[in-house]
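This report refers to the structure that appears directly beneath it.
Every number here is computed from the coordinates shown, using simple stated rules; none is lab data. Remember, it's a predicted structure, so these values are computed and weren't measured experimentally. So basically every Cβ, Gly included, is an ideal-geometry build from the backbone, and we count neighbours across all protein chains shown.
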Amino acid sequence: VEVTFIVDLSLSAHLKPFGGSGPTGLEISKAQIQAVEPFLKPQDQASIIYFARTAHEAHPILPLNQSIRPLFIRAVEEIKLPEKLNVITTYNPTLHFIDSSDIVSALQETYKLYDKTRKIKDPRYVPGREENRLVFLLSDGDFEINPADAKSEEDGKEIKDYRKNMFT
């Protein structure tokens, strides 16, 4: 089985969806990956892709054998948000963090990763329907946080208010 965990690192992943005392969206996502990981067999392949405005590979799709599994576990642990957010912090070049989500780029990156990996194994591989792939999308589904992306002036104001509350 080829398993990919797609993790949302947008601004909303920093929020605590269950109130001030609960975990952040990112903490929930990491806990879910850690809960699934023990069920993956050594021959299963797993990868992690995180996204906000663009998608990035945190761990390549590799078999979770004895030597690779610790690297996968560490990749999960190392996914993090910027330590401090403010109205100026919209992009961190190390984390590729930005205040909006592009789910399309995350899915495109996932399937490019699958196809690239298969092509390395079999140069004659042609992308098509596969029966052994599983994708976990770990996100709150809030894919339009950037005021510039708003569909209307009213939506833009709502997003700005949301961001203002986030920083106070």
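Calculated FRET efficiency, Thr54 and Asp122, Cβ-Cβ r, R0 35 Å, to nearest 0.05?
Numbers: r = 29 Å, r/R0 = 0.82.
It comes out at approximately 0.75.
Can you give the local net charge around Thr110? Use residues other than it whose beta-carbon is closer than 14 angstrom to its beta-carbon, Lys and Arg +1, Asp and Glu -1. It would help to have the intermediate numbers written out before the result.
Numbers: positive: Lys112, Lys116, Arg118, Arg133; negative: Glu2, Asp8, Glu57, Asp102, Glu109, Asp115, Glu130.
Local charge sum for Thr110: -3.
What distance in nm lies between label points placed 7 Å from Cα along the C-beta direction at Glu130 and Glu27?
The two pseudo-label positions are separated by 3.4 nm.
What net charge do the residues around Ile79 carry, taking every other residue with its C-beta under 12 Å from that of Ile79, with Lys and Arg at +1 and Asp and Glu at -1?
After counting each charged neighbour, the total is -2.
Go ahead and collect, in residue order, the members of the range 55-70 whose backbone nitrogen is under 18 Å from a label point 7 Å along the Cα-Cβ direction of Asp44.
Under 18 Å, as judged by backbone N against the label point of Asp44, lie 59-70 of the range 55-70.
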